[in-house]
Amino acid sequence: MTGFEWPWLLFAAPAPWLVRRLLPAARRVPPPALWIPFFDRVAGDARDYGSDGAGVAVAVVRRYALPAWAALVLAAARPAWEGEALYVWPLALAVILAMLAGLQATRRPPRVRALPAGHGRERRQ
């Protein structure tokens with residue numbers, strides 16, 4: 001059965017939500033100095049989040065931030081297998097390695113094509 005060596009670290013999971021609720025909002029930055037006229041076509045969601053396109057970056061960060069934070073918190077809690085260690089029969093490992101080696105041996109090497117005349121090593125004058 002799996003468990004965590006540091007389960008108390010899971011209390012850090014709501015930290016981003018607490019920071020967002022308790023700290024004041026950051027000041028709004030001015031629009032970027034570089035204006036790209038076709039940005040709305042390239043980033044189709046830009047018009048949904050504002051004409052400067054900064055909302056697109058915010059949407060992408062929000063989409064991937066929660067899974068990344070959850071993975072980080074779970075990894076920091078040090079998941080571990082609790083109980084008896086499983087015994088693996090050494091001959092089974094040898095059989096698996098032999099099968100994998102046999103699969104690699106049956107693959108054909110890539111075909112090498114000859115270069116046309118005028119290419120390759122030539123004597124320079």
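Quick note: the coordinates plus some simple rules give every number you see, no bench work behind them. Keep in mind the model is a prediction, meaning the values are calculated, not measured. For neighbour counting, all protein chains shown are included, and Cβ atoms are generated from backbone atoms with ideal geometry for every residue, glycine included.
List 11, 4 from most exposed to least, where exposure is judged by having the fewest other Cβ atoms within 10 Å.
Ranked by crowding around the Cβ, least crowded first: 11, 4.
Between residue 75 and residue 61, what is the label-point separation in nm under the 7 Å Cα-to-beta-carbon projection?
In this crude spin-label approximation the distance works out to 2.0 nm.
Whose amide H sits under 5 Å from the amide H of residue 4, counting only residues 5 or more places off or on another chain, with H placed in the peptide plane?
80
What FRET efficiency would be calculated for the residue pair residue 5, residue 87, taking the C-beta separation as r and a Förster radius of 30 Å, to the nearest 0.05?
Once the sixth-power term is evaluated, E becomes 0.85.
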